[in-house]
Amino acid sequence: MAEEAILAYLEKEEEISNSENFAQQFGFSHEEILNVIRRLHGFKFVEAKDIRRERWVLTEEGETYAAVGSPEFQLFSAVPPEGIIALEELQKKLDPAVYKIGWQQALKNKWVQMKTDVPMKDVSRKVQPADDKVKDLLLRIQNNEVYCFEDIDALKRRKLIIQQVWKGNSVRKGPKYAPIRKRAATNLTRENLQRGDWKELEFKEYNFSAKGQPFEGGHLHPLLKVRRQVQTIFLNMGFEEMPTNNYVESSFWNFDALFQPQQHPARDSHDTFFLKVPSTTKMLPEDYVERVKEIHESGGYQSRGYGYDWKREEANKNLLRTHTTAVSSRMLFALAQKPFAPKKYYSIDRVFRNEAVDRTHLAEFHQIEGLICDRGLTLGDLIGVLHDFFSRLGMSKLRFKPAYNPYTEPSMEIFSYHEGFKKWVEVGNSGMFRPEMLLPMGLPEDVRVIAWGLSLERPTMILYGIDNIRDLFGSKVDLSLIKRNPICRLGL
Ligand code: PHE
């Protein structure tokens, strides 16, 4: 084997001066030898130096002349040693190309001469004998023998030789040289122990930075991984999950119960997907619907309402829920039907909006929503719980900006300082649910509900360094993202 041959050679000799000669001598291909040298060099068994040589090789034409003689010599040989030959006669004896080149060169060399004083053009030799230096030099180059460098100029011009770059190695012993390379053992086997050869074994060192084999089988999408972590945060904070297993919702729970007026632009088909079949809901709690109609039309509980003509048909329309707050309104209504007990609820699920898709928007995405329902809660409680929640997500610097939602007052947009982007980024929306929403449900007057919502996609994209939402979710996602995404942890 090539490896053994090299190591054995270096045991006796100081150097392999030319890898190609070595390969020839021991019957290997030069390529194989170079590969082995590279590997041994990597293990520091040998030290290899690159050699680069520009050398001359014969062209096809050069090869022929090396074999049969230069054209001028062929021409010379065709001229009789004594006497003369007619030029036409000479031309007939030779190949046209050989004749043409040979004649020029032979004249230049003053090997032949032409008698012009007689009517017939006769040729005779001028020297005796001629020495075919061209052939000689070509042979030397071909056989890698020494030659005088100045002589090659003419061959170059006559395109009988061209330059070729040759690369090889010279090799000496390396710092870890040994005549035989023991393959380091990767496992300690039962047999090693039984035979006792474990004492002599050299073990391969651990590679702590190796990534390990990619495993086959199922892979979790980044959204699922982040969802699990957010879920854990809520559970650690004592929240219960709300049942969000209905993408289809009625306008009533999605909008009306949330005190969102029926002419609000979000209720337009440009923003919301309405269902064709079944286009309307059949079941709504009638007396509560009545109270919702009241509050929209003429107010109550110290509110003046919106003062418009509330339509049941509008509330009946089925849609794909535009926020998980639709589920929150159902849950709060259910809570109001029993003797009051404080609650902490959360949900993480899909919502739909009729959006033009771009690098930050999709027509469907996931919302994270949390709410706390208790007597006497204040905006301070909301700010406090947001700090707690978001710092568990790894966002501890927060700022709040007054905002508007039809169902909360006051409302606050949540901003977090992103250390990587070096700027404040919007991370969510929050507020205290309005009395116009809570009181018609039947919740006690002093019960306040603080709530917030954010997308699951935003923190996932930041965490995984994805800047186009279409690379994360939807039909254009590269499956290898799901196979190869690393473990990323929220929080600090
Ligand atoms: N529903 C809001 C949204 O879609 C989020 C939110 C939830 C705001 C709860 C306030 C309170 O963005």
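Restricting to DSSP loop positions (anything but H, G, I, E, B) with no more than 10 other Cβ atoms inside 10 Å of their own Cβ, which GluC sites (Glu not before Pro) remain in the stretch 84-161?
Passing sites in the stretch 84-161 are E145.
For T232 and R140 in one chain, what is 0.36 nm times their gap in residues minus the Cα-Cα distance, to one decimal in nm?
Residue separation times 0.36 nm, minus the Cα-Cα distance, leaves 25.0 nm.
Filter the trypsin sites (Lys or Arg not before Pro) in the stretch 1-62 to those in DSSP coil with at most 12 other Cβ atoms within 10 Å of their Cβ, and list the result.
The qualifying sites are K44.
In percent, how large is the relative contact order of the chain, given Cα pairs closer than 8 Å and 6 or more residues apart?
13
Measuring from label point to label point, each 7 Å out along Cα→Cβ, what is the I383 to A334 span in nm?
Reported label-point gap for I383 and A334 is 3.4 nm.
Given the pairs K135/K159; K343/K423; K422/K476, which are separated by over 25 angstrom at their Cα positions?
K343/K423; K422/K476
Under the 0.36 nm per residue contour assumption, what length would be gained going from the current alpha-carbon distance of Y206 and K344 to full extension?
Working it through step by step, the gained length comes to 44.8 nm.
Apply 1/(1 + (r/R0)^6) to the Cβ-Cβ distance of S17 and R359, taking R0 = 41 Å, and write down the FRET efficiency to the nearest 0.05.
Once the sixth-power term is evaluated, E becomes 0.10.
Tell me the GluC sites (Glu not before Pro) within the stretch 418-450 that lie in a loop according to DSSP and have at most 16 other beta-carbon atoms within 10 Å.
Sparse-neighbourhood loop GluC sites (Glu not before Pro): E419, E445.
Any idea how far the Cα center of the stretch 205-220 sits from the one of the stretch 63-111, in Å?
Between the Cα centre of the stretch 205-220 and that of the stretch 63-111, the gap is 74 Å.
Over the chain, what is the percentage of antiparallel beta bridges among all DSSP beta bridges, to the nearest 5?
Beta bridges within the chain, antiparallel portion: roughly 95 percent.
From the Cα gyration tensor of the chain, with a ≥ b ≥ c the square roots of its eigenvalues, which class applies: rounded if a/c is under 1.5, or else prolate if a/b is larger than b/c, or else oblate?
prolate
Whole Å is fine, so just give me how far the alpha carbon centre of the stretch 269-327 lies from that of the stretch 332-366.
16
How high is the FRET efficiency between R38 and E290 when r is their beta carbon distance and R₀ equals 60 Å, given to the nearest 0.05?
According to the calculation, E is roughly 0.10.
So how far apart, in nm, are the two label points at E409 and F421 if each is 7 Å from Cα heading toward Cβ?
The two pseudo-label positions are separated by 3.2 nm.
So what's the gap between the Cα centers of the stretch 412-449 and the stretch 157-200, to the nearest angstrom?
About 67 Å separates the Cα centre of the stretch 412-449 from the one of the stretch 157-200.
Kindly flag which residue pairs out of K12/K204; K100/K167; K167/K199; K12/K133; K176/K199 have an alpha-carbon separation exceeding 31 Å in this structure.
Violating the 31 Å Cα-Cα cut-off are K100/K167; K167/K199; K12/K133.
Quick note: the coordinates plus some simple rules give every number you see, no bench work behind them. Note that this is a predicted model, so its numbers are computed, not measured. Using ideal geometry, Cβ is built from the backbone for each residue, glycine included, and neighbour counts are taken over all protein chains shown.
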